[in-house]
Amino acid sequence: MDFDAEANLTQASDLFGGTKVRGIWRVTHKDPEGNVIDEDEYENIIVNEGLDLLLASTLNDGSQTASWYIGLIAEASPTLNAGDTMSGHGGWTENTNYDEANRQDWSNGSVSGQSVDNSGSPAAFTMNTDNDTVGGAFLVGDNTKGGTTGPLYAEGTFSTDKSPDSGDTLEVTATFTTSTA
């Protein structure tokens, strides 16, 4: 029986190399007739509060957040920080210039292949202000439009800021994955 110590050490280091949690977001900007104006895909950060919640709800018998919601970020090129929470995020404010009464549901599909997304039901925001600035999106455990409560899980900036007009729609899809680093 051959024993390849180097191969076994490589396999062991791969196993203990860590885990990466990642979010990829896609925003589609459509005009009132449904024509695509722009599409953008970008990564986000999982904030510290989101990482703590992930560990607490899976490994420490913590409570799980049952529902998640997508909100929009108002600033052009907003500043994101790992320490951001809904009650304290200094680099951005929420954009509430859309017709819907609440932040939009993140209607997740099934977890498969270490991935989950809302591609079957993207969050759709019907904008109600002309030439508005939208610089990103976030995922939070409270649907209150403009609210400052609920756990903040992730936030991200668009690759290019959006300037939708009244009647335009922004459709937001988020995919979260985990992988061995």
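Which residue, of GLY71, GLY156, is at pLDDT 95 or above, assigned to a strand (DSSP E or B), within 14 Å of the chain's Cα centre (by Cα) and of a type in the set (Gly, Ala, Ser)?
On inspection, the qualifying residue turns out to be GLY71.
Condition first: closer than 21 Å to ARG26 by Cβ and in a strand (DSSP E or B). Can you find one or more residues in the stretch 77-92 that meet it? So that I can check it myself, show each step before the final result.
Just the residues of the stretch 77-92 that are closer than 21 Å to ARG26 by Cβ, to begin with: 77-78, 80, 92.
Then drop every residue that is not in a strand (DSSP E or B), which leaves none.
Within the stretch 77-92 (the criterion being closer than 21 Å to ARG26 by Cβ and in a strand (DSSP E or B)), the answer is no, since none of the residues qualifies.
Could you identify the single residue in ASN128, ASN118, ASN95 that is within 27 Å of VAL36 (Cβ to Cβ) and over 16 Å from the mean Cα position of the chain (by Cα)?
Going through ASN128, ASN118, ASN95 in turn, the sole match is ASN128.
Can you go through GLY91, GLY120, GLY156, GLY109 and tell me which one is without any contact (Cβ under 8 Å) to a residue 24 or more places away in the chain and touching a Leu at 6+ places or on another chain (Cβ under 8 Å)?
Answer to the check: GLY91.
All but one of (1) crowded, with 17+ Cβ neighbours inside 10 Å; (2) out of contact with any strand residue (DSSP E or B) (no Cβ under 8 Å at 6 or more places or on another chain) hold for HIS89; which doesn't?
(2)
Do we find a residue being among the charged types (D, E, K, R), assigned to a strand (DSSP E or B) and touching a strand residue (DSSP E or B) at 6+ places or on another chain (Cβ under 9 Å) anywhere in the stretch 49-65?
No, the stretch 49-65 contains no residue that is among the charged types (D, E, K, R), assigned to a strand (DSSP E or B) and touching a strand residue (DSSP E or B) at 6+ places or on another chain (Cβ under 9 Å).
Can you pull out the residues in the stretch 167-181 that are over 30 Å from SER57 (Cα atoms) and exposed (fewer than 15 other Cβ atoms within 10 Å of the Cβ)?
Passing the criteria: only GLY167.
State all residues of the stretch 108-125 that are in a loop (DSSP other than H, G, I, E, B) and either under 18 Å from GLY136 (Cβ atoms) or among the hydrophobic types (A, V, I, L, M, F, W, C) (or both); if no residue qualifies, say none.
If we filter the stretch 108-125 for residues that are in a loop (DSSP other than H, G, I, E, B), which is where we start, we get 108-111, 113-114, 118-122.
Result: VAL111, ASN118, PRO122.
Would you confirm, using the coordinates I've provided, whether GLU41 is among the charged types (D, E, K, R) and either over 17 Å from the mean Cα position of the chain (by Cα) or farther than 23 Å from SER159 by Cβ (or both)?
No; evaluated as a whole, the condition is false for this residue.
The values are calculated or read from the model by the stated rules, or taken from the named source; none is laboratory data. None of these values were measured; they are calculated from a predicted model. Glycine gets a Cβ as well: all are built from the backbone with ideal geometry, and neighbour counts include every protein chain shown.
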